[in-house]
1. Can you find a residue that is assigned to a strand (DSSP E or B), in contact (Cβ under 8 Å) with a residue 60 or more places away in the chain and open to solvent by less than 30 Å² (accessible area, probe 1.4 Å) anywhere in segment 75-84?
2. Exactly one of these conditions fails for ASP163: (1) without any contact (Cβ under 8 Å) to a residue 60 or more places away in the chain; (2) touching a Lys or Arg at 6+ places or on another chain (Cβ under 7 Å); (3) open to solvent by 10 Å² or more (accessible area, probe 1.4 Å); (4) closer than 26 Å to PRO175 by Cβ. Give me its number.
3. What about LYS147, is it open to solvent by 80 Å² or more (accessible area, probe 1.4 Å), farther than 24 Å from SER41 by Cα, modelled with pLDDT of 95 or more and of a type in the set (Lys, Arg)?
Amino acid sequence: MKNKKLIAGVDEVGRGCLAGPVVSAAVILKKDVQIKNLKDSKKLTFEQRIEISKDIKNNSLFSIGMASVKEIEKLNILQASLLSMKRAILSLSKKPDLVLVDGIFAPKILIECKTVIKGDEKINCISAASILAKVYRDKFMIELHHKYPKYNFQKNKGYPTKDHIQAIRELGPSPYHRLSFKPELYENES
């Protein structure tokens, strides 16, 4: 029996946000599976990502890894992103032989990792990871919106939109805001 290499794709979302965790997904797609409209999650609508994520989940092994706001504040966003990737990879039900990571940084693990610039546009398993991570994080932020509606997380997902910045200035930060990001936003304008 010939050994087939198990390849996992990994991507993260939430690095540029002012609030919420950073989330990574690791995906090993089933062999010879064609998933319609698989592409970089940023090029899809929320509804398209939800639909495609169902196909990905039905045709892959996948896992999610997160780093909390506390971990982001303690480690810095890059190290927290790498931690969330490591957690996603190590949570897969099968150990991959190779991990392809979107971008230029890969976590330090005992599995071969290769970085791919714009991998979410070029490699299906990374595109799939991009979509699952985005869907998971968006749903997390929508849930957070119910707890803190005045920040409008349902719409901005924690990104630095004009209305989000205005809400921070008026209300101060929530427990889910990253205080080390743009600290001038959290200063009192008196």
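1. We begin by selecting, within segment 75-84, every residue assigned to a strand (DSSP E or B); these are none.
Within segment 75-84, not a single residue is assigned to a strand (DSSP E or B), in contact (Cβ under 8 Å) with a residue 60 or more places away in the chain and open to solvent by less than 30 Å² (accessible area, probe 1.4 Å).
2. ASP163 satisfies every listed condition except (2).
3. yes
Here's the yes/no breakdown for (1) touching a residue at least 12 places away in the same chain (Cβ under 8 Å); (2) open to solvent by 20 Å² or more (accessible area, probe 1.4 Å); (3) under 19 Å from the mean Cα position of the chain (by Cα):
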position: ARG87; (1), (2), (3): yes, yes, yes
position: LYS139; (1), (2), (3): no, yes, yes
position: ASN152; (1), (2), (3): yes, yes, no
position: LYS155; (1), (2), (3): no, yes, yes
position: HIS177; (1), (2), (3): yes, no, yes
position: PHE181; (1), (2), (3): yes, yes, yes
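The values are calculated or read from the model by the stated rules, or taken from the named source; none is laboratory data. Predicted model, so just to flag it, every value in this text is computed and none were measured. Every residue, glycine as well, gets a Cβ built from its backbone with ideal geometry; the counts of neighbours run over all protein chains shown. With ligands, DNA and RNA removed, areas are computed over all heavy atoms of the protein, side chains included. Shrake-Rupley method; radii C 1.70, N 1.55, O 1.52, S 1.80 Å.
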